[in-house]
Amino acid sequence: MVFNPLPGLELVWDIVACFISLVLVMSVVLINAKIEKSGKLSNTVTRKTIHIFAAPVGLLSWMLFTGGVFSRWLAMIVPLLFVLMFVAIGTGRVKNEDFVRSMSRSGDPRELLGGTLYYAIVMIVCSILWFYVPTSGDVGNLASATPMTLLVFGCLAGGDGLADVIGRKYGGERKFGIGGAERTVAGSIGMFIGSFLFSTVLVFFFSLEPGSPFIVANMVMPIIAVSLVATIVEALSPKGLDNWTVPISVIVMVFLLPFLGFAWAFPIFTL
């Protein structure tokens, strides 16, 4: 699963992997921007497609890294570049209409300084604190492995993204929420289903490496518990804050899992 064609030159390959990761994530954004510009899909669809797939694609690209001492910091460069880009566009220093149209509701560049920016910042934090590459035979690396980031973005990307899509299509007129947020029962169901499915799929991919400590069957119940808490928190989050509240709730819940009787043998941090 982990690909390192330059044995002995791990740092060089990690730099290449960083570039490939950037290209993959940027492709998600640019492809959807082009689709939105063509009029084939609405801004709502392309915006949520980016929200759902950008981070998971970035996470899966972690498998390209060697797991060396510089790997997490090079992986962190990708979301950092997006943070800088969002700030530059949102403050008007850089003009990029494709980015604005495909990732904002209103077409106002300043909207990129909200939830979109928070999403990328969370990715930076996760890259620093919970980076993991399932390198075979690296006992130290396996001992420090934790699926924290996989669950965070399973809920934030897959769950929150699917909540909006399902809520808009099947939610109807009956809405609830606090602080200006508009939630629906259908959207909350979509949040739970998306959180569970995306978290499970991400864990599955990272479990494929021989020697990986992740066993999907053993993690089903913890993932259900985390997804349920994330769903409740998302439903109660004020407008514009769910990109903070959802990942924080996942992190806190993962920390509490062993105290709640769930089998959880992974460390909290990997630094």
Cα-based Rg / Dmax (Å) for segment 1-133: 15.6, 49
Sum of side-chain charges, Ala54 neighbourhood, beta-carbon under 14 Å (Lys, Arg +1; Asp, Glu -1): +1
Estimated 222 nm signal from helices in the chain, with DSSP H stretches of n ≥ 4 weighted -39500 (n - 2.57), rounded to 500: -21000 deg cm²/dmol
For a label point 7 Å along the Cα-to-beta-carbon line of Arg168, residues of segment 100-124 with backbone N under 14 Å: 101-107
³J(HN,Hα), Karplus 6.51/-1.76/1.60, whole Hz, each residue of segment 51-63, x for Gly, Pro: 4, 6, 9, 4, 5, x, 5, x, 5, 5, 6, 4, 5
Relative contact order (%) - criterion: Cα under 8 Å, at least six apart; region: the chain: 19 percent
Residue order, fewest to most surrounding Cβ atoms within 10 angstrom, among Phe82, Phe198, Phe205: Phe205, Phe82, Phe198
Reachable aspartates and glutamates, given that their alpha-carbon falls under 18 Å from the alpha-carbon of Lys37 and they are not under 8 places away in the same chain: Glu97, Asp98, Asp108
Neighbour-count ranking [beta-carbon atoms within 10 angstrom, fewest first] of Asp108, Asp14: Asp108, Asp14
Diffusion constant of the chain at 37 °C, which comes from Stokes-Einstein with the Kirkwood Cα-pair radius and 0.692 mPa s, µm²/s: 173 µm²/s
Amide H contacts of Gly177 (H built 1.01 Å from N, under 5 Å, at least 5 apart or other chain): Arg183
Fewest-first sequence of Trp130, Trp13 by Cβ atoms within 10 Å of each Cβ: Trp13, Trp130
Euclidean distance between Cα centres, segment 1-42 to segment 207-271, Å: 26 Å
Sequence-separation-based contact order of segment 156-271, relative, with Cα cut under 8 Å and 6+ spacing, percent: 26 percent
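All of the numbers you see were taken from the coordinates with simple rules; none came from a lab. Since we're looking at a predicted model, the values are computed, not measured. All Cβ positions, even for glycine, are placed from backbone atoms using ideal geometry, and neighbour counts span all protein chains on display.
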